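Peer 1: Structure below; questions to follow.
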Amino acid sequence: MSEKFQNFINGEWKYSDSGEFSENRNPANWKEDLIGLFPKSTVKDVKEAVQSAKKAFEKWRLVPAPKRGDVLKVVGDLMTERKNEIAFEMTREMGKVNAETKGDTQEGIDTAYYAASEGRRLFGMNAPSELNNKMNLSFRMPVGVAGIITPWNFPMAIPTWKIFPALVCGNTVVFKPAELTPKTANTLIHIIDTAMKEVLGKDYIPGVVNLVHGSGRVVGEAFLADKDINLISFTGSTEVGKRINEVGGRELKRVSLELGGKNAQIVMPDANMDLALDAVLWGAFGTTGQRCTATSRLILHKDIYDMFVTRLTEKTSKLRLGYGNNENVDVGPCVSEQQRETVEYYVNVGLNEDKAKLCCGGKRAEDGDLAKGWFFKPTIFIEVTPEMRIAKEEIFGPVLSVIKCRDLDDAIKILNNTEYGLSSSIFTNNVNDAFKAVRDIQAGITYINGATIGAEAHMPFGGVKATGNGHREGGWTVYDFYTEWKAVYIDYSGKLQRAQIDNY
């Protein structure tokens, strides 16, 4: 009998009001490895979680910010102790190789320690008054109840990017993880609650963090409808993001959206070719291409195009597919049957509609044990033009489109020719070209001689155009989303001063 997992509401683990469950299975061994059963939650479950968070907010906001940071310091310690276990189970749950899930977990650890230190750095800004005997101050204040909705591809890192800043700023949380990665979410919430109890002791506050499993159609929509959720932070598809933005705007909820990407790596003739090859292999096929920062376009200067394609095809054909917890595996499965079908759909678009040339992959990988999971061969299209659908639409799988450019200006024009603007990369040893790329590329992130992926916890993360609505995750900038600014004027003149009326 498979384990039945629970929601976490008001400091208690409990089953959903529905009494129903959904299966969570290993995408590398779908039929044989049932991980567990997770609640199909209801609107009633969400309301209970939100009300517990609303009640807890009145006490949690009064806990000194450094002490809130102390909780996250313990969270980081506990995650460090359990890093290997978390990574193993995450690979089992969503498929990417163990080295990557260790990195995903480490990102959460880094975020915990960074957020812990921000408990002592939630600085306000003070300004001189234009009037005599008056002082002007400003403070960061928590917003309230934060609704957190996260994707399956980074099931530890992305929730920590959102939950940890929310908590250290004094907000309370209701968390809906992706349906495909519920177990990692349970582990994270258990760790946070353990840290809360260790640091707060008898002053423990139930309801500061709540976990509600279930579908976006039910749980996500309930987040939007609940007037006691003050802000929503969402990472996922552009389509869903637009829905959240529309409803959230109508309800005047604060909304942060991190959406799609169609990232490109430029390679110029003076680049280190070995380095550029390693980068595109990692960028395109790491996490089986299932990253918003994945390198889905490769823009090659005409003078190196043929040589680079030959070498890239050779290296790609040697990548080893398999279950990510096994040794010597480079690429895991797609996360689900549906995701693999999406990849197949776009391969057919590339072949039949775009008329691009397939030079590698393009098929399911079903030899031996690979037949047990949702594996797809790393795929490369060449002779791709900027207007083709495979060059413009997000695929979210191991598919790379290679485009030829004339010069740097042409490369930047091609890179910018998409509705998205998350990550970007250029390989060159020409400092002038590098700085021109930094200036002219339309993206929230630009790497010089690095792959399009690899965010650091203390730096801003996010994009422009259809990639989001302007907020950033990570670094110091995310704390602006989770706080309100309050201006305070202290007048010790002993008389009524009417600012500009009396001063000018």
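Bear in mind that the values in this text are calculations on the coordinates, not laboratory data. Small disclaimer: the values here were computed from a predicted structure and weren't measured. A quick note on method: Cβ atoms are made from the backbone with ideal geometry, for glycine too, and the neighbour counts reach across all protein chains shown.
Peer 1: How big is D, in µm² s⁻¹, for the stretch 263-448 by Stokes-Einstein at 20 °C and 1.002 mPa s if Rh is the Kirkwood radius over C-alpha pairs? Before the final figure, lay out the partial values.
Peer 2: On the way: Rh = 16.5 Å.
It diffuses with D of about 130 µm²/s by this estimate.
Peer 1: Further, regarding this structure: Calculate the length of the line joining the C-alpha centroid of the stretch 404-472 to that of the stretch 355-395, in whole Å.
Peer 2: When both Cα centres are located, 24 Å separates them.
Peer 1: Where q = 0.13, 0.15, 0.20, 0.22 Å⁻¹, what log10 of I(q)/I(0) comes from the Debye formula for the stretch 358-485, counting one point per Cα?
Peer 2: With one equal scatterer per Cα and no solvent, log10 I(q)/I(0) is -0.70, -0.88, -1.21, -1.32.
Peer 1: While we're looking at this one, here's another question. List every residue whose amide H lies under 5 Å from the amide H of C334, counting only residues 5 or more places away in sequence or on a different chain, with H placed 1.01 Å from N in the peptide plane.
Peer 2: W374, F375, F376
Peer 1: What fraction of the DSSP beta bridges in the chain is antiparallel, stated in percent and rounded to the nearest 5? Please report the intermediate quantities before stating the final value.
Peer 2: Values: 28 of 67 bridges.
Bridges in the chain that DSSP calls antiparallel: roughly 40 percent.
Peer 1: Let me ask something additional. Using a cut-off of under 15 Å, list every residue of the stretch 125-155 whose amide N is near the label point 7 Å from the Cα of D480 along the Cα-to-beta-carbon line.
Peer 2: Residues 125, 140-141 fall inside that zone.
Peer 1: Related question: Report the gain in length on full extension from V247 to D274: 0.36 nm times residue separation, minus Cα-Cα distance, nm rounded to one decimal. Intermediate results must be reported in sequence, preceding the final value.
Peer 2: Working: separation 27, 0.36 × 27 = 9.72 nm, distance 4.79 nm.
Computed gain between V247 and D274 is 4.9 nm.
Peer 1: Run the simple label-point estimate for Y345 and N29 please: 7 Å along Cα→C-beta, distance reported in nm.
Peer 2: So the label points at Y345 and N29 sit 3.1 nm apart.
Peer 1: Also: What aspartates and glutamates does K40 reach when the alpha-carbon gap must be under 16 Å and sequence neighbours fewer than 8 apart in one chain are set aside?
Peer 2: Leaving aside aspartates and glutamates fewer than 8 places away in the same chain, those within reach of K40 are E3, D17, E20, E23, E48, E179, E221.
Peer 1: Using Cα pairs under 8 angstrom and six or more residues apart, how large is the relative contact order of the stretch 263-448, in percent?
Peer 2: On the way: 358 pairs, mean separation 52.5, N = 186.
Relative contact order for the stretch 263-448 comes out at 28 percent.
Peer 1: Please work out the C-alpha center-to-center distance from the stretch 154-187 to the stretch 92-139 and express it in whole Å.
Peer 2: 15 Å
Peer 1: Quick one: what are the phi-derived ³J(HN,Hα) couplings along the stretch 68-80, Karplus 6.51/-1.76/1.60 with θ = phi - 60°, whole Hz, x for glycine and proline?
Peer 2: Here the 3J(HN,Hα) series is 4, x, 4, 4, 6, 4, 5, 4, x, 5, 5, 5, 4 Hz.
Peer 1: Once fully extended, how much extra length lies between R439 and R498, figured as 0.36 nm per residue of separation less the alpha-carbon to alpha-carbon distance?
Peer 2: Taking 0.36 nm per residue and subtracting the Cα distance, the gain is 16.7 nm.
Peer 1: How big is the antiparallel share of DSSP beta bridges in the stretch 263-448, given as a percent to the nearest 5? Present the calculation step by step, with values, prior to reporting the outcome.
Peer 2: Values: 4 of 25 bridges.
So the antiparallel bridges in the stretch 263-448 amount to around 15 percent.
Peer 1: May I pose another question? Sort 374-385, 81-92, 311-322, 99-110 by the packing proxy (mean of other Cβ within 10 Å over each peptide's residues), most packed first. List each step's numbers first, then the result.
Peer 2: On the way: 374-385: 23.2, 81-92: 18.9, 311-322: 16.5, 99-110: 21.5.
Ranked from most to least packed, the peptides come out as 374-385, 99-110, 81-92, 311-322.
Peer 1: Defining a contact as two alpha carbons under 8 Å apart and six or more residues distant in sequence, what relative contact order in percent does the chain show? Numbers along the way, then the final one.
Peer 2: Working: 1150 pairs, mean separation 90.0, N = 504.
18 percent.
Peer 1: Using the eigenvalues of the Cα gyration tensor, what equivalent ellipsoid semi-axes result for the stretch 251-364 when each is taken as the square root of five times the eigenvalue, whole Å, largest first?
Peer 2: Numbers: eigenvalues 131, 80, 59 Å².
The equivalent ellipsoid of the stretch 251-364 has semi-axes of 26, 20, 17 Å.
Peer 1: Let me ask something else about it. Return the long-range amide H neighbours of G36 (sequence gap of 5 or more, or a different chain), with a cut-off of under 5 Å between placed amide H atoms.
Peer 2: For G36, whose amide H was placed from the backbone, the distant partners under 5 Å are N24.
Peer 1: Right, another one. At a Cα cut-off below 15 Å, give the aspartates and glutamates reachable from K392, other chains included and same-chain residues fewer than 8 away excluded.
Peer 2: Within the straight-line limit of under 15 Å, K392 reaches these aspartates and glutamates: E353, D354, E383, E419.
Peer 1: Determine the alpha carbon to alpha carbon distance for each of K197/K253; K404/K436; K102/K227 and list only those over 28 Å. Don't skip to the end; give the middle numbers.
Peer 2: Details: K197/K253 31 Å; K404/K436 19 Å; K102/K227 38 Å.
Exceeds cut-off: K197/K253; K102/K227.
Peer 1: Now for a different question. May I ask you to derive the FRET efficiency for D228 and E12 from their Cβ-Cβ distance with R0 = 22 Å, giving the value to the nearest 0.05?
Peer 2: Numbers: r = 20 Å, r/R0 = 0.89.
Given R0 = 22 Å and the Cβ-Cβ separation, E is 0.65.
Peer 1: Right, something else. Using θ = phi - 60° and the Karplus curve 6.51 cos²θ - 1.76 cosθ + 1.60, what whole-Hz ³J(HN,Hα) does each residue of the stretch 207-217 get, with Gly and Pro shown as x?
Peer 2: Per-residue couplings from phi come out as x, 5, 10, 10, 10, 10, 7, x, 7, x, 4 Hz.
Peer 1: How much of the calculated P(r) for the chain lies past 40 Å, in percent of all Cα pairs?
Peer 2: Numbers: 32793 of 126756 pairs.
The proportion of pairs with Cα distances above 40 Å equals 26 percent.
Peer 1: Set the Förster radius R0 to 45 Å, insert the Cβ-Cβ distance between K134 and E221 as r into 1/(1 + (r/R0)^6), and round the FRET efficiency to 0.05. Don't jump to the answer; show the numbers that get you there.
Peer 2: Working: r = 48 Å, r/R0 = 1.08.
Once rounded, the FRET efficiency stands at 0.40.
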